[in-house]
Each structure stands twice: as C-alpha cells, then as structure tokens.
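Structure first, then comments.
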Amino acid sequence: MNAYEQQVMHDLATWKKAMLKESSLVNRFSKKVQTKVQELIPEKAHAIITETMKKMVQGIVVGTDFIQPVLKNKTLTLQERDERVKKKIEDYKRIAAVEGAGTGAGGILLGLADFPLLLTIKIKFLFDAATLYGYDTSKEEERLFLLHIFQLAFSSDEHRRDIFSIVENWEEEKGRHMDWRKFQQEYRDYIDFVKMLQLVPFIGAPVGAYANYNLLQRLGDITIKCYQMRWLNEHKG
C-alpha cells in the first residue's frame, strides 16, 4: 500500500464515523415532521409516486446511452482514478448549476421539470465515475451499486447508516432487492425544501444554480469515498 492509499484509508475511517454517527436533535425532529406529513398522504398516492420514481430511475439506469466501454488501463493507480473523477465532478457541477438556473428562472412548470433533469445528470455522473474506476456498468450489480451510492448521498441519517453497511460489504450484500418506496421517500425528503424555494419567483434561478451545484458536489464526494473503500477492499495485500 502506497502513501496515498494509506492516507485514503485514514480519511475513510474518519468518514465512516461521520456516516454512522447518531442524528442530531434537529435532524430527528425534522425527520419526524416529514414522516407525519407522509402519513397524511393517501396510500394510493404513495404507490403512484413510488412507481413513477421507480420507472423514471430504471428508465435512466438501463439506458444504453450511459454505458461506456470499461476503462481498460488497469495500471492506473487509485490516485490517478480519483483525480479523473474529481475533474468529472467539476464538469457535472457546472452542468447542474446551469440547468438549475434555467429551470429556476422559468417558474413553476420549468421548476418541476428540474426534478427529472437533475436526476438524469446525477445518474449520468455516477455511470462516468464507475467507468473511470474500472467497473462495467453494463452489469446489473454495478448499476445497483450506483443506486446505493445515490441513496447514501441523499438520505436521512437513519437510512444512511443502513445503506453504508450495504456499500461497505457490497460483495455480501449485492443480491439485495431495491426498496423503491424507501428510495423515493428518502430522496424526496432530502431535496424537498430547497426545491420548493426554487419555485419562488425572483430567487428561483440563483437558488436552483446553487442547490444543484452543491448537490452534485455532495454526490461526487460520496462517490469517491465509496469507490475508494471498494478499491481498498479489493486490493488488500
């Protein structure tokens, strides 16, 4: 293990503690409020939202346009792969910011269009990152891994701890079925407030740009950590 990988291992230990820490009082209260709101929504509506989200994500994920040839240069180090992914993050942050500003400036109708557009940008980034780390995204298990990274980035503290355990032990956990209802509820709750602000006249554009920029940064940071963890697990010794 070289010096860079030793530093990564140290950073991952710190990150793991942050991922597994207990929720703050404010976060627990916020989650309780969101849960109460969800309970007011009729079950039929939940079913429709879940199915819509499932079809949307599945449609994006199985799209062959996102699948790229596996990066065959196996001599690349973890550091070199990390640096390439960081450059991708900067590219996607700019794309997401422009998209957020455009839809945020367009009022409610374009603001609502931001949801599937931003979702597509996020998942396209995940596909590119996986390829740069040397994984074949034509395989279903690799696409499922991407969706778990997605959940780790955009979930409540409680759900995040569950997902972290799955990601950390992916070889043993990769046969699990996706809980689509949990997926859509956690993602929706995570971005609800900022996306509502994006619909407000006059502030929608700057809020949309800022929010999307930071959401991509968060996804990028989590993605790097997940693949670093997986890389070190697979290259032990």
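The values are calculated or read from the model by the stated rules, or taken from the named source; none is laboratory data. In this text, all values refer to a predicted model and were calculated from it rather than measured experimentally. As a convention, Cβ positions derive from the backbone with ideal geometry for all residues, glycine included, and neighbour counts pool all protein chains shown. Ligands, DNA and RNA are excluded from the accessible area calculation, which covers all protein heavy atoms including side chains. Shrake-Rupley method; radii C 1.70, N 1.55, O 1.52, S 1.80 Å.
Counted as qualifying within the stretch 109-180 are the helices (runs of 4 or more DSSP H) with 1 or more residues that are closer than 28 Å to Arg84 by Cα and in contact with a Leu (Cβ under 6 Å, 6 or more places away or on another chain), namely 140-153, 157-168. The lone criterion from (1) open to solvent by less than 60 Å² (accessible area, probe 1.4 Å); (2) at pLDDT below 90; (3) out of contact with any Ser or Thr (no Cβ under 7 Å at 6 or more places or on another chain) left unmet by Asp189 is number (3).
Among the residues of the stretch 11-27, those identified as of a type in the set (Lys, Arg) and either at pLDDT below 85 or open to solvent by 100 Å² or more (accessible area, probe 1.4 Å) (or both) are Lys17, Lys21. Give me the residue from the stretch 72-101 that is surrounded by fewer than 18 Cβ atoms within 10 Å (Cβ to Cβ) and modelled with pLDDT under 90 and, out of that set, nearest to Ala3 (Cα to Cα). Within the stretch 72-101, the match that is nearest to Ala3 (Cα to Cα) is Thr75.
The residue pairs whose first member lies in the stretch 1-19 and is of a type in the set (Asp, Glu), whose second member is open to solvent by less than 70 Å² (accessible area, probe 1.4 Å), and whose beta carbons are closer than 7 Å, counting only pairs six or more residues apart or on different chains, are Glu5/Leu78; Glu5/Leu232. Considering the stretch 143-167, and only residues there that are crowded, with 18+ Cβ neighbours inside 10 Å and not hydrophobic (A, V, I, L, M, F, W, C), the residue that is nearest to Met53 (Cα to Cα) turns out to be Gln151.
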